Amino acid sequence: MTNPASLLGNKNKFLILGCGFSGSYFAKTIRKLGCIALTSSRSEKRDPNSFIFNSANNTVPNEKIFDGVTHILSCIPPDKNGNDPVLESLKGKLQSLSLEWIGYLSTTGVYGNTKGDWVTETDEPNPIQKRSHSRFNCEKKWISSGLPVQIFRLPGIYGPGRSTFEAIRNQKVRVIYKENQVFSRIHVADITNAIIYLLQNKDSIKFHQIINISDDQPCSQIEVIQHCYDLLGLKMPKPILFEDAKNNLTPIAQSFWMENRRVSNKLLCETLGYKLIYKNYKLGLKDCFLNIKK
Ligand SMILES: NC(=O)c1ccc[n+]([C@@H]2O[C@H](COP(=O)([O-])OP(=O)(O)OC[C@H]3O[C@@H](n4cnc5c(N)ncnc54)[C@H](OP(=O)(O)O)[C@@H]3O)[C@@H](O)[C@H]2O)c1
């Protein structure tokens with residue numbers, strides 16, 4: 001990354017709405033670059049830089065939180081009614097601010113099932129799952145809000161603390177085989193760094209409102225699980241055929257197997273010039289493996 005501090009300096013104040021896995025990685029990174037980053041969670045004020053925001057019980061941040069805010073990143077999924085928690089509770093407030101940028105973390109679930117074909121940002125979304133319909137509606141509401149929003153469509157997110165290693169350790173891993181089935185994925189560090197790259201270079205690269213952030217190598221889940229077992233020096237359990245396993249899966253787990261697509265990152269990595277830190281799961285898992293050994 002080229003001298004990020006010079007372009008994302010201490011003039012910027014970020015609110016990270018929904019400081020879960022991706023949000024906290026982003027907050028930690030931009031603080032290191034000299035930015036102020038305040039983060040929200042639903043129930044507890046975790047530190048002096050955090051505040052409570054919970055759309056479900058109308059707990060909204062106080063006025064002071066918004067003073068001088070230039071950038072917002074929303075990492076909050078649609079609520080149980082399919083609405084966007086941030087737009088439902090804070091749209092008017094955000095419209096009254098002089099914001100430079102809002103990032104919205106969405107999902108590649110909006111593309112639906114392409115039977116293994118590649119999808120790009122110019123493909124018309126074709127959501128299948130109810131939650132993906134909600135997500136697509138939320139995207140549309142963000143776009144029509146008139147706010148300076150940029151949408152990032154993400155596949156399966158993994159990274160230190162949330163990877164197949166934890167699933168193996170917690171005995172939550174299921175080794176399932178489904179012919180020709182692939183998944184796309186992204187390391188959490190690349191979500192953060194891609195966004196920072198786009199913000200740093202906003203004056204020299206064309207603005208795109210919707211951008212996929214995914215790695216170069218969609219592949220089967222078994223390939224990833226096998227690799228983790230190999231790194232751990234353990235023997236992978238025998239795979240179960242999807243047809244035999246599906247009735248024991250939760251509805252949400254089943255729904256993931258109903259969609260098969262390869263998410264293209266050509267816009268981000270070729271047109272816009274972002275260089276992935278972790279181009280594929282092997283590089284990304286190496287980072288996660290070092291973390292579990294610490
Ligand atoms: N995980 C994946 O593999 C994946 C893949 C593609 C896209 N995505 C999407 O990308 C975004 C970031 O994912 P993530 O896995 O980093 O998220 P995450 O760890 O689940 O964090 C979600 C955050 O949203 C907050 N939140 C949820 N409902 C809320 C509400 N009604 N009002 C206020 N705050 C609320 C949570 O608050 P608490 O901190 O209090 O829990 C949490 O901080 C999400 O929209 C997610 O759906 C995730």
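Within the option set Asn180, Asn170, being open to solvent by 60 Å² or more (accessible area, probe 1.4 Å) and touching a Gly at 6+ places or on another chain (Cβ under 9 Å) holds for one residue only, Asn180.
Pro48 meets the conditions (1) surrounded by fewer than 16 Cβ atoms within 10 Å (Cβ to Cβ); (2) touching an Asp or Glu at 6+ places or on another chain (Cβ under 6 Å) in every case but one. The failed one is (2). Only one entry in Lys28, Lys13, Lys115 is under 30 Å from Ser264 (Cβ atoms), in contact (Cβ under 8 Å) with a residue 12 or more places away in the chain and of a type in the set (Lys, Arg), namely Lys115. Looking across Arg42, Arg31, one residue alone is open to solvent by 10 Å² or more (accessible area, probe 1.4 Å), of a type in the set (Lys, Arg) and within 8 Å of the ligand (Cβ to nearest atom). It is Arg42. Of all residues in region 238-255, those that are at pLDDT below 95 and not in a helix (DSSP H, G or I) total 2.
A quick yes/no check of all residues on (1) in a helix (DSSP H, G or I); (2) within 14 Å of Phe152 (Cα to Cα); (3) modelled with pLDDT of 95 or more; (4) within 13 Å of the ligand (Cβ to nearest atom):
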{"site": "Lys172", "(1), (2), (3), (4)": "no, no, no, no"}
{"site": "Gln181", "(1), (2), (3), (4)": "no, no, yes, no"}
{"site": "Asn193", "(1), (2), (3), (4)": "yes, yes, yes, no"}
{"site": "Tyr197", "(1), (2), (3), (4)": "yes, yes, yes, no"}
{"site": "Lys206", "(1), (2), (3), (4)": "no, no, yes, no"}
{"site": "Ile211", "(1), (2), (3), (4)": "no, yes, yes, no"}
{"site": "Ser214", "(1), (2), (3), (4)": "no, yes, yes, yes"}
{"site": "Gln217", "(1), (2), (3), (4)": "no, no, yes, no"}
{"site": "Glu223", "(1), (2), (3), (4)": "yes, no, yes, no"}
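Take the residues in region 256-271 that are open to solvent by 40 Å² or more (accessible area, probe 1.4 Å) and assigned to a helix (DSSP H, G or I), then tell me which one is nearest to Lys130 (Cα to Cα). The selected residue is Phe256. Within region 148-167, the residues that satisfy the criterion of being surrounded by 18 or more Cβ atoms within 10 Å (Cβ to Cβ), more than 10 Å from the ligand (Cβ to nearest atom) and hydrophobic (A, V, I, L, M, F, W, C) are Val149, Ile151, Phe165. Taken together, the criteria exclude Gly92 from residues that are out of contact with any helix residue (DSSP H, G or I) (no Cβ under 9 Å at 6 or more places or on another chain), farther than 23 Å from Ile277 by Cα and open to solvent by less than 20 Å² (accessible area, probe 1.4 Å). Screening Thr120 against (1) under 20 Å from Ile191 (Cβ atoms); (2) buried (at least 16 other Cβ atoms within 10 Å of the Cβ) leaves a single unmet condition, (2).
Taking region 1-28 as the range and being open to solvent by less than 30 Å² (accessible area, probe 1.4 Å), modelled with pLDDT of 90 or more and hydrophobic (A, V, I, L, M, F, W, C) as the test, the residues that pass are Phe14, Leu15, Ile16, Leu17, Cys19, Phe26, Ala27. Within region 51-86, the set of residues being of a type in the set (Gly, Ala, Ser), within 11 Å of the ligand (Cβ to nearest atom) and open to solvent by 10 Å² or more (accessible area, probe 1.4 Å) comprises Ser55, Ala56.
The set of residues in region 237-266 being farther than 15 Å from Gly156 by Cα and either within 17 Å of the chain's Cα centre (by Cα) or among the aromatic types (Phe, Trp, Tyr) (or both) consists of Phe242 alone.
Being in a loop (DSSP other than H, G, I, E, B), out of contact with any helix residue (DSSP H, G or I) (no Cβ under 8 Å at 6 or more places or on another chain) and of a type in the set (Lys, Arg) is a property that does not hold for Lys235.
The values are calculated or read from the model by the stated rules, or taken from the named source; none is laboratory data. Being a predicted model, the structure only gives us computed values, none of them experimental. As a convention, Cβ positions derive from the backbone with ideal geometry for all residues, glycine included, and neighbour counts pool all protein chains shown. Only protein heavy atoms, including side chains, enter the accessible area calculation; ligands, DNA and RNA are left aside. Shrake-Rupley method; radii C 1.70, N 1.55, O 1.52, S 1.80 Å.
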